[in-house]
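Contents: one structure, followed by commentary.
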Amino acid sequence: MSKLKQLLLIATGGTALFASHALYSGNPKFYANVVMPTLHKLTSAETAHNMGVAILKYGLYPRCRAQNYDNLQNNIFDWKVMNPVGLAAGFDKHCEAIDGLLNLGFGFIEVGGVTPEPQPGNEKPRVFRLHEDKAIINRYGFNSFGHQPAVVHVENWYNKLSENKRGYVGVNLGKNKSTLDAAQDYVKGVENFGPYVDFLVINVSSPNTPGLRKLQAQDQLQTIIKAVVEANSKLERENKPPIFVKIAPDLSESDKVAIATVVAARDSGIDGLVISNTTLSRPESLQNKNKVEVGGLSGAPLRQMSTDLIRDMYRLTFGRVVIIGVGGVFSGQDALDKIKAGASLVQIYSSLAYEGPPVVEKIKKELSELLKKEGFENVSDAVGYDVKEDKCATS
């Protein structure tokens, strides 16, 4: 019996030691197959989300060994981006965990969306996991503490910046549900966050705010852009933050042409597009029972839809604007597909929820290896490659 106890103690100790090492070292498979599934069984989606933000905010996480890859470094605007993998908006809604997120190895992050005034968002439950589909449905509805506390967090981060900048930070700007003059809400965002952040994103595509997607219509979008660009020009800083517009994946062909016409105009003042937000569509391939929930669908089922839209918008804008590709990026191949479709940068969200922080380094490593395998000297050489190849084939 004593030998059996000893064996049990050794086995238990060995398992605990392995688990501790895997957790601390950021083992991708351990997180994807053990840590995150266990967390999902113990907590609701929104509780896990809030826990994740708090852990990163207070530094209660194992430090990841962020690797730099020469072929992932790229110059965009006046930035020297160490890698093209970023975090999508919606995770750090209140701009609380900027330092913690950059420590995960992202090349850039987008915090928010933030509305000028506080608003509670929609009733709970409002976030649902679709495990079999590697997807999430959310109907948060721009729950926000408002600009005031978010600006404090962003300003604190800005004041701690040194010459050794780890990554670039943008803020996603939303409008309050009750606001009638949408343009003014976005202008307030530019005025409040513009002095501190590296880029600004005008979100006119969340599916969970009534009427918001109508702002993508050409006349309304032009009105918003004109007001935002004017406000940006008045900021008292030498290098004005680039302005992006985040669009929905559920666009008709005429919608795509209208948006491209507005943003690609030489005098538009718009620097880029974020493609795309969540979708209201429900692919027939969805298996999880939560597929019936109302809200925006993200994750693996959005992957091809967003990549196709990136390709269309890159072609329609003649490659004049920087595209950030988001939607279903779980691997280096997913990232490369979006880059070859026209994205200069990519963002993740759902893969972080399903595979944990190590997914960042996993995607970077895989992407670097794929670029070498396919003969691209640098990630910039792959941007829009598929569109250019299609053009050559048809000319």
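The values are calculated or read from the model by the stated rules, or taken from the named source; none is laboratory data. Note that the structure is a prediction, hence the values are computed from the model and not measured. Because the Cβ atoms are built from the backbone with ideal geometry, glycine has one as well, and the counts that use them run over all protein chains shown. Keep in mind that these areas ignore ligands, DNA and RNA; they rest on the heavy atoms of the full protein, side chains included. Shrake-Rupley method; radii C 1.70, N 1.55, O 1.52, S 1.80 Å.
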Requested in this report: Tell me the label-point distance for the pair Lys41, Leu60, using the 7 Å Cα-to-Cβ offset, in nm and rounded to one decimal.
Outcome: 2.2
Query raised in the report: When the dipole is taken about the Cα centre of the chain, and only Lys, Arg (+1) and Asp, Glu (-1) are charged at their Cβ, what size is it in debye, to the nearest 20?
Result: 1080
Query raised in the report: Once you put a point 7 Å from the Cα of Arg266 and another 7 Å from the Cα of Asn75, both along the Cβ direction, what distance in nm separates them?
Result: 2.4
Query raised in the report: In nanometres, what is the gap between the two model label sites at Glu369 and Ser252, each 7 Å from Cα along Cα-to-Cβ?
Result: 4.6
Report task. Calculate, for Phe318 and Ser178, the FRET efficiency according to 1/(1 + (r/R0)^6) with r their C-beta to C-beta distance and R0 30 Å; round to the nearest 0.05. Result -> 0.20
Report task. With a Förster radius of 25 Å, plug the Cβ-Cβ distance of Gln222 and Leu280 into 1/(1 + (r/R0)^6) and report the FRET value to the nearest 0.05. Result -> 0.55
Query raised in the report: Hey, which aspartates and glutamates would be in cross-link range of Lys362, C-alpha to C-alpha under 17 Å, not counting anything within fewer than 8 residues on its own chain?
Result: Asp70, Asp334, Asp337
Requested in this report: Find the eigenvalues of the gyration tensor of the Cα atoms of the chain, then list the square roots of 5 times those eigenvalues as equivalent ellipsoid semi-axes, largest first, in whole angstrom.
Outcome: 34, 24, 22
Requested in this report: Would you kindly calculate the translational diffusion coefficient of the stretch 214-354, applying Stokes-Einstein with the Kirkwood radius from alpha carbon pairs, for 4 °C and a viscosity of 1.567 mPa s, and quote it in µm² s⁻¹ without decimals?
Outcome: 81
Report task. Count neighbours as other Cβ atoms within 10 Å of each site's Cβ, and list the trypsin sites (Lys or Arg not before Pro) in the stretch 103-212 that are DSSP loop with at most 14 such neighbours. Result -> Lys160, Lys165
Query raised in the report: Roughly to the nearest percent, how much of the accessible area of the chain is carbon and sulfur, given a 1.4 Å probe?
Result: 53
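Can you give the % of DSSP beta bridges in the chain that are antiparallel, to the nearest 5?
In the chain, DSSP labels about 30 percent of beta bridges as antiparallel.
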**Report entry** DSSP loop GluC sites (Glu not before Pro) with at most 11 other Cβ within 10 Å excluded, longest remaining stretch of the chain
**Finding:** 1-122
Query raised in the report: How long are the three semi-axes of the equivalent ellipsoid for the stretch 179-273, computed from the Cα gyration tensor as the root of 5 times each eigenvalue, in whole Å, largest first?
Result: 22, 15, 11
Requested in this report: Identify the chymotrypsin sites (Phe, Trp or Tyr not before Pro) of the stretch 252-338 meeting these criteria: DSSP loop state and at most 16 other C-beta atoms within 10 Å of the C-beta.
Outcome: Phe318
Report task. Considering only DSSP beta bridges where both residues belong to the stretch 73-182, give the percentage that are antiparallel (nearest 5). Result -> 50
Requested in this report: Return one whole number: the accessible area per residue of the stretch 220-302 in Å², for a 1.4 Å probe.
Outcome: 47
Query raised in the report: Within the set Lys93/Lys388; Lys134/Lys214; Lys188/Lys256; Lys165/Lys291; Lys124/Lys226, which residue pairs have Cα atoms separated by over 31 Å?
Result: Lys93/Lys388; Lys165/Lys291; Lys124/Lys226
Query raised in the report: Which of Pro37, Pro358, Pro301 moves the most in a Gaussian network model of the chain with Cα springs under 10 Å?
Result: Pro37
Query - Over the chain: helical MRE at 222 nm, DSSP H runs n ≥ 4 each giving -39500 (n - 2.57), nearest 500 - result: -12500 deg cm²/dmol
Requested in this report: Using 0.36 nm per residue of separation minus the Cα-Cα distance, give me the extension gain between Asp99 and Ser233 in nm, one decimal.
Outcome: 45.4 nm
Requested in this report: Can you list which of the chymotrypsin sites (Phe, Trp or Tyr not before Pro) found in the stretch 34-129 are DSSP loop residues with at most 11 other C-beta atoms within 10 Å?
Outcome: Tyr58
Requested in this report: Measure nothing but the geometry: give the 0 to 90° angle between the long axis through the Cα atoms of 303-316 and the longest principal axis through the Cα atoms of the chain, rounded to 10°.
Outcome: 30
